[in-house]
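Structure, as structure tokens:
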């Protein structure tokens, strides 16, 4: 069951105004959606990943409640949740790689239906670096692909967060995916 955008926005505002009970109600309302988002992200991880989707939800929750920002609405909340999950997965991959001294990298696919290089998974750290480079060139495209990939958001939800049309989201997403695929292929050739 998807939470009502108006109800989530109301609870975000109440929480922002200092009502701790609103946070409890908000989490009960959005927990299943956060779990679904985390499960979606963890499907793209390698087998035997040490971070489980429930742990990802709980870590993202901790990051969200510690943020000192004014929440706009439901879409903004889930965009920030997607960003938090991205950072958690990237930090986890960095820690694992450091612990293994350059051992096996965490692998993810850029898109469930289509991996960047004909089906083979990419390193999440390479993906993160490519997103950072894209953000330097086009911050909106970087945000759109982050919301789509890490947030699992639809074109309409991304449009609501970014303030552009769903058609623009579709176009920018296609361009961003192509750019990232090109970047990732170039990185593999250099490695």
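Observations, loosely collected:
- Here the gap between residue 39 and residue 14, fully extended at 0.36 nm per residue and compared with their Cα-Cα distance, gives a gain of 6.1 nm.
- FRET efficiency, residue 28 to residue 170 (Cβ-Cβ, R0 41 Å, nearest 0.05): 0.75
- Cβ-derived FRET efficiency at R0 22 Å, residue 55 paired with residue 21, nearest 0.05: 0.30
- Spin-label model, residue 185/residue 154: points 7 Å from Cα along the beta carbon direction are separated by 3.2 nm.
- Nitroxide proxy distance, nm - points 7 Å out along Cα→Cβ at residue 72 and residue 125: 3.3 nm
- Point-to-point label distance, residue 178-residue 137, nm (Cα→Cβ direction, 7 Å offset): 1.1 nm
- The residues 67, 42, 27, when put in order of fewest to most other Cβ atoms within 10 Å, stand as 67, 27, 42.
None of the figures in this text is laboratory data; all of them are computed from the coordinates on show. Remember, predicted model here, so these are calculated numbers, not experimental data. Please note: Cβ atoms are built from the backbone with ideal geometry, for glycine as well, and neighbour counts cover all protein chains shown.
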